[in-house]
């Protein structure tokens with residue numbers, strides 16, 4: 001299992017249940033990386049999508065205490081989620097938010113794909129700073145590139161001791 005998100009300088013990932021930046025290169029990377037794969041999210045992340053509809057061409061799993069109508073698989077607990085994702089190849093499962101789901105599942109992820117944005121997005125939602133977490137190693141960082149007026153870098157962090165499931 002892997003996680004994927006963009007983060008600002010302070011490891012902020014969102015504001016008012018929305019993205020902080022409109023980054024076409026980052027969105028293209030997200031689409032290409034997760035297309036045909038399994039995406040795991042919380043209910044607020046699902047609701048943040050256009051019309052609250054699941055992402056197309058993906059298996060959408062929502063971790064939520066209540067059943068969710070629509071074309072998603074709903075799981076109600078961490079145990080149920082881990083059992084469900086075991087049904088898929090580990091590299092095909094991506095955690096896509098929100099913050100509480102990232103905090104819960106990043107320790108289980110073998111890798112975390114972070115698009116670092118060299119800006120302050122005035123976030124109200126944050127993830128742990130992987131640079132300050134000794135359990136993670138930065139194993140790849142792209143050259144800086146411009147994306148809609150922002151400087152970004154595509155980074156890959158490897159979890160040195162993922163929790164087995």
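Each reported figure results from applying straightforward, stated rules to the coordinates on display, with no laboratory input. Since we're looking at a predicted model, the values are computed, not measured. FYI the Cβ positions are ideal-geometry reconstructions off the backbone, even for glycines, and counts take in every protein chain you see.
Points to keep in mind about this one:
- Based on Cα contacts under 8 Å between residues 6+ apart, segment 42-165 shows a relative contact order of 20 percent.
- Range of Cα positions in segment 2-159 per principal axis (Å), largest first: 40, 34, 27
- Part-to-part distance (alpha-carbon centres) for segment 88-146 and segment 1-61, which is given in Å: 12
- Convex hull projection area averaged over all views, segment 15-60, Cα basis, nm²: 3.4
- Under the simplified labelling scheme, the residue 51-residue 104 pair shows an inter-label distance of 2.8 nm, with each label point 7 Å from Cα along Cα→Cβ.
- Per-pair calculated FRET efficiency, R0 = 25 Å: residue 15 and residue 137 via Cβ, rounded to 0.05: 0.30
- Residues 135, 9 arranged by fewest to most Cβ contacts within 10 Å: 9, 135
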